[in-house]
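A short write-up of the structure that comes next.
Just so it is clear, none of the values below were taken in a lab; they were calculated from the coordinates. Keep in mind that this is a model prediction, so the values were computed, not measured. Don't worry about glycine lacking a Cβ; one is built from the backbone with ideal geometry, like all the others, and counts go over all protein chains shown.
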Amino acid sequence: MLSVAFGIGVLLALTGGTVANGCVAPHQLVSKMLQRLEDSVKTDEPPNPSVLLAMNLAGATDSSIHKWLLQQIQEEAVKRAQKDMTSGEVALYVLALLSSCQNPQHIQALGQTVDLLRILQQKTDEEMASLEAEGIPKTTLYSVSLDAIGLCLARVAGYQGASVVLAKQVLSPENHLSVDTRAVVALALACTYGQTELQDVQDLLRKALSVVTNGFLDEQEKGDGMIGNIYSMGLALQALGATGKFYAPREWDCAQAFSVVYNHDYRQPMAIAQVLPALVGRSYLEAADLDCTRSSGISPSLQSLSPKLESTGVHRAARITVQYSIINKLQGGHFSYTTSVQVPGGSTLLKVLQAAEKEKPDIFSFQTEQTSWGPMVVSIHGLAANPDDRTYWQFLSGRDALQEGVGTYKPQDGEQIQAVFSTY
Ligand code: B12
């Protein structure tokens, strides 16, 4: 742990010039986050490209866990990129590999070679075709932004057209994009701005970047440092750190925004992977500029790769009652059911769903899928979410949408949780 902290100190001393606006997190916090990222790497779970990207941007490249993760990312790319990755997933793999100084056009593993940039171009073309035909992408604007960042950093065609569409989307008054989406859009536009020579494209991108970044600064001012919610802060800080010239001469009070982040104890690997680059003064836009030959001085972690151990601590806690409803007024035969379940205090919402299913399996049956953010509820009462018709199961407490998923959210005694079949 100490050596990680020392290594980060060396790294920041070496890269001192790249630190945006003079805001950089304390070494101790950075090394704690890096430790949590390393601990999140499990042999029995799919590799997470965002984790590798964050380790690289923070200069933590010397550990055996880092090497193992890079190897897994290469193998996964060869196995899955063409067949069953979304465009955004391929883009995250491209960023992870670029930041590891690997040529994404020539990824070799398991005796095969794959050209990830060609696959990314194909999948971005499909997103663009859907945007043109239907006004919405095949997946999400968030993913299209990742696509544009990947293509732009690799300097292959396709990012300019995507960025023009993204700029128009953020400028469109009827579009209410989340902070997370606007932040990755801003990163994509800033990259394209630096690469294009077309005056009208530059003008459009500058305008969109000014709207997004000034919007973030306004929101920070109104929200005592918060932009969106605590989990959108990572990407918002990356975007503000990388786009200073688009809100100049306005100044960014980065210390205020950083202090919001310091006051939260991030534990989910994805949340850490999005916030850590900003805390070391970097953004995803630096993924292709890292010097992989220079050691940051961080010594290999002593942590071994081991399967996850289930925590048993909650069993002794007093029991709480949670009201749980499932509602579909959107598709097929409408339904609405409510039940009350008891679980030990401190249980996650997942335990509530499991208890409801155990008591009334014919009504409260559900299914989850493992994702980079943990288990996502993909089906309830036989009704499945479908990316093709943009449906999902939304979770609310009272009238407020939850800001975490079932795997981490811990309801209070007497709380009313609703799962509502919705569209996005
Ligand atoms: C797009 C998006 C969605 C879309 C995904 C649709 C799709 N097919 O692409 C929809 C609208 C379905 C969605 C739903 C939810 N989301 Co969402 N989502 C995002 C967003 C903006 C981008 C994710 C993405 O596309 N990444 C790029 C792709 C390439 O990576 P990926 O790993 O393949 O992405 C998949 C996962 O991210 C997964 N996913 C998306 N959201 C969530 C949330 C949870 C809890 C889980 C487990 C998985 C998950 O869907 C993606 C596509 O398959 C992120 C923002 C961010 N900062 O990451 C928020 C974000 C991940 N979502 C969040 C939340 C809270 C939710 C909901 C719980 C909201 C709610 N109240 O119901 C629900 C999930 C409920 C459930 N059924 O379990 C939070 C998670 C915070 C946390 N600490 O857990 C984020 C960070 C936004 C935020 N700042 O609050 N989301």
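In this structure, the amide hydrogen of Gly405, modeled 1.01 Å from its nitrogen in the peptide plane, lies closer than 5 angstrom to no residue at least 5 positions away or on a different chain. Using Cα-Cα distances under 8 Å and only pairs 6 or more residues apart, what relative contact order does the chain have, in percent? With pairs under 8 Å counted, the relative contact order is 18 percent.
One chain, two ends: Gln112 and Asn263. Fully extended at 0.36 nm per residue, the span grows by 49.8 nm beyond their Cα-Cα distance. One chain, two ends: Asp388 and Asp224. Fully extended at 0.36 nm per residue, the span grows by 55.2 nm beyond their Cα-Cα distance. Which residue fluctuates the most in the chain, going by a Gaussian network model with Cα springs under 10 Å, if the choices are Ala287, Ala148, Ala133? So, out of Ala287, Ala148, Ala133, the one fluctuating most is Ala133. How big is D for the chain, in µm² s⁻¹ as a whole number, if Stokes-Einstein is applied with the Kirkwood radius of its Cα pairs at 20 °C and 1.002 mPa s? Answer, rounded: 94 µm²/s.
The tail of the calculated P(r) for segment 313-423, taken as Cα-Cα distances beyond 23 Å, holds 23 percent of the pairs.
Between Gln331 and Ser130, what's the calculated FRET efficiency when r is the beta-carbon distance and R0 is 30 Å? Round to 0.05. Mind dumping the intermediate values first?
Working: r = 21 Å, r/R0 = 0.71.
Efficiency at R0 = 30 Å is approximately 0.90.
Checking the Cα-Cα distances for Lys358/Lys410; Lys42/Lys138; Lys222/Lys410; Lys42/Lys351 against a 21 Å cut-off, the pairs over it are Lys42/Lys138; Lys222/Lys410; Lys42/Lys351. Sorting the segments 351-364, 229-242 by their mean number of nearby beta carbons within 10 angstrom, highest to lowest, gives 229-242, 351-364. Highest mobility in the GNM of the chain, judged by mean-square fluctuation with C-alpha springs under 10 Å and restricted to Ala288, Ala385, Ala167, is found for Ala385. 3J(HN,Hα) couplings calculated from phi for segment 341-357 with the Karplus curve 6.51 cos²θ - 1.76 cosθ + 1.60 (θ = phi - 60°) are, in sequence order, 10, 10, 9, x, x, x, 6, 7, 4, 4, 5, 5, 4, 5, 5, 5, 5 Hz; Gly and Pro show x.
Note on the chain: with a GNM built from Cα contacts shorter than 10 Å, the maximum mean-square fluctuation among Ala60, Ala91, Ala317 falls on Ala317. The distance from the alpha carbon centre of segment 34-73 to that of segment 332-376 is 31 Å, rounded to a whole number.
Computed about the Cα centre, the dipole magnitude for the chain is approximately 580 debye when only Lys and Arg (+1) and Asp and Glu (-1) carry charge, each at its Cβ. Starting from one equal scatterer on each C-alpha and no solvent at all, send me the Debye-based log10 I(q)/I(0) for segment 153-301 at q = 0.13, 0.14, 0.18 Å⁻¹, two decimals. So the normalised log intensities work out to -0.61, -0.70, -1.09. Dividing the Cα radius of gyration of segment 209-259 by its Kirkwood radius returns 0.91 for Rg/Rh.
Order the peptides 326-332, 404-410 from the highest to the lowest mean number of other Cβ atoms within 10 Å of their residues.
Descending packing order for the listed peptides: 404-410, 326-332.
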